[in-house]
Amino acid sequence: MSIHVQVAAARRRLRDAGISQTESDLDARLLAQHVLGWTTERFFTDAHAQEPEGFTPQYETLIARRATREPLAYIVGVREFWGLELEVTPQVLIPRPATEMIVEVMLELFRDRTAPLAVADVCTGCGCVAVAIAHERPAATVVGTDISLEALEVARRNALRHGVSDRVTFCYGDLLHGIDQRLDAIVANPPYVVDRAAPALQPEVRDYEPAVALFGGIEGFDLVTRLVAEAPSRLSPGGFLVFEFGLGQDVEVEEVLDRTADLTLLELRRDLQGIARTAIAQRR
């Protein structure tokens with residue numbers, strides 16, 4: 001049997017499991033490439049060849065996992081973020097493209113690649129934002145915090161993986177607890193999903209990703225409110241607070257920042273769909 005035929009059958013199985021056609025087509029191919037160790041280019045060139053020895057049992061095992069709605073990133077163990085391949089495990093939230101906006105904003109705010117830069121990455125998870133910022137700004141030092149010891153271990157491995165572990169450190173702590181230094185910027189992708197929204201989430205998210213990294217309380221805004229309150233005492237004058245928030249929370253973000261005397265809201269950055277997703281504030 002050819003690899004192409006195997007992948008076609010896998011696509012159908014994933015669709016029958018409730019996965020969209022687009023995602024089924026992509027995941028079936030990516031899992032085949034993962035087992036084969038092939039690039040996308042080689043797959044499209046050689047997929048009609050006969051399957052190599054040992055391919056079928058390995059591939060079918062991975063497809064069976066995906067059919068239970070286990071996320072692809074957990075199955076293959078990596079996810080790309082800002083062009084960097086990062087380790088992910090079920091102990092960390094899978095990085096989303098929307099979170100890259102935080103990195104984009106930071107590069108706009110701090111354009112000088114050679115200037116010293118002190119940053120805290122709150123709720124760091126797998127360390128994707130911290131590692132990306134350090135990778136782009138060679139003079140930056142970043143401290144990432146999280147309340148998950150397992151997540152911090154993954155983050156440390158990602159910093160080592162991309163050669164920034166000498167400038168990126170990770171520590172156990174709730175938000176900014178334990179950080180006493182003055183910072184040029186604080187970035188965060190805190191949990192912001194409303195607790196009652198759990199049943200409506202995709203199975204990949206609801207059943208597999210860590211709840212501690214997803215849910216932000218009854219209104220989904222508990223950690224954002226605390227972060228905004230704590231940030232001014234850690235920021236240098238003129239320093240920035242950049243954080244992601246949930247769909248439809250823009251009014252609440254504006255209100256909480258308006259009530260914070262030491263912070264000025266500069267912008268609510270919108271994604272490609274025009275949805276406000278990232279707040280940029282500055283210490284007065």
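The values are calculated or read from the model by the stated rules, or taken from the named source; none is laboratory data. Bear in mind that the values here come from a model prediction, so they are computed numbers and not experimental data. Counting neighbours? That spans all protein chains shown, and the Cβs are built from the backbone with ideal geometry, glycine included. Remember, those area values only see protein heavy atoms, side chains included, never the ligands or the DNA or RNA. Shrake-Rupley method; radii C 1.70, N 1.55, O 1.52, S 1.80 Å.
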Shape call for segment 1-85, from the Cα gyration tensor axes a ≥ b ≥ c (a/c under 1.5 means rounded, otherwise prolate when a/b beats b/c, else oblate), comes out oblate
Potential extension, ARG65-ASP46 segment - 0.36 nm per residue separation minus Cα distance: 4.3 nm
Heavy atoms of CYS123: accessible area, 1.4 Å probe, square angstrom to 10: 30 Å²
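Using Cα pairs under 8 angstrom and six or more residues apart, how large is the relative contact order of segment 76-203, in percent?
25 percent
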For the chain, the dipole about the Cα centre with charges only on Cβ (Lys and Arg +1, Asp and Glu -1), to the nearest 20 debye, works out at 280 debye
In terms of the charge dipole of segment 13-68, which places +1 on Lys and Arg and -1 on Asp and Glu at the beta carbon, the residue among PHE55, LEU14, PHE44 farthest towards the positive end is LEU14
THR61 - accessible surface, heavy atoms, 1.4 Å probe, Å² rounded to 10: 80 Å²
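Going from most exposed to least, what order do PHE44, PHE240 have by accessible area with a 1.4 Å probe?
Values: PHE44 140, PHE240 30 Å².
Correct descending sequence by accessible area is PHE44, PHE240.
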Taking a ≥ b ≥ c as the square roots of the Cα gyration tensor eigenvalues, with a/c under 1.5 meaning rounded and otherwise prolate when a/b beats b/c or oblate if not, segment 209-284 comes out oblate
Put +1 on the Cβ of each Lys and Arg and -1 on the Cβ of each Asp and Glu in the chain; which of PRO97, ALA279, SER148 then has its Cα farthest toward the positive end of the dipole? PRO97
Using label points projected 7 Å from each Cα along Cα→Cβ, tell me how many nm separate ILE218 and ALA115, to one decimal. 4.3 nm
With the crude spin-label approximation of a point 7 Å out along Cα→Cβ, what separation in nm comes out for ASP271 versus ALA229? 2.9 nm
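When the gyration tensor of segment 89-180 is built from Cα positions, what are the square roots of 5 times its three eigenvalues, in whole Å, from largest to smallest?
One finds semi-axes of 20, 14, 13 Å for segment 89-180.
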Rounded, prolate or oblate: which fits the chain, taking a ≥ b ≥ c as square roots of the Cα gyration tensor eigenvalues, rounded meaning a/c under 1.5, else prolate when a/b beats b/c? prolate
Accessible area in the full protein assembly, largest first, 1.4 Å probe, for HIS162, HIS4, HIS48: HIS48, HIS4, HIS162
Once ligands and nucleic acids are excluded and a 1.4 Å probe is used, how much of SER24 is accessible, expressed in Å² to the nearest 10? 0 Å²
As a test of understanding, state the convex hull volume per residue of segment 137-284 from its alpha carbons, in Å³. 134 Å³
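Take PHE221, PHE81 and sort them by solvent-accessible surface of the protein heavy atoms, 1.4 Å probe, largest at the top.
The residues order as PHE221, PHE81, largest area first.
So if we plug the beta-carbon distance of GLU153 and GLU23 into 1/(1 + (r/R0)^6) with R0 = 41 Å, what FRET efficiency do we get, rounded to 0.05?
On the way: r = 29 Å, r/R0 = 0.72.
Between GLU153 and GLU23 the formula returns 0.90.
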Length-normalised contact order for the chain - Cα pairs under 8 Å, 6+ apart - percent: 13 percent
Quick one: which residues, 5+ away or cross-chain, put their amide H under 5 Å from the amide H of LEU263? H built at 1.01 Å from N. ARG284
Full-extension gain in nm, ALA211 to ASP262, via 0.36 nm per residue minus C-alpha separation: 15.2 nm
Gain upon complete extension [LEU247, GLN202; 0.36 nm per residue less C-alpha separation]: 14.6 nm
For the chain, what does the helix formula give at 222 nm: sum of -39500 (n - 2.57) over DSSP H segments with n ≥ 4, over the residue count, nearest 500 deg cm²/dmol? -11000 deg cm²/dmol
Give the percent of DSSP beta bridges with both residues in the chain that are antiparallel, rounded to the nearest 5. 45 percent
Note down the nm distance, to one decimal, between modelled labels 7 Å out along Cα→Cβ at THR56 and at SER2. 1.7 nm
Given an 8 Å cut-off on Cα distances and at least 6 residues of separation, report the relative contact order of segment 1-100 as a percent. 25 percent
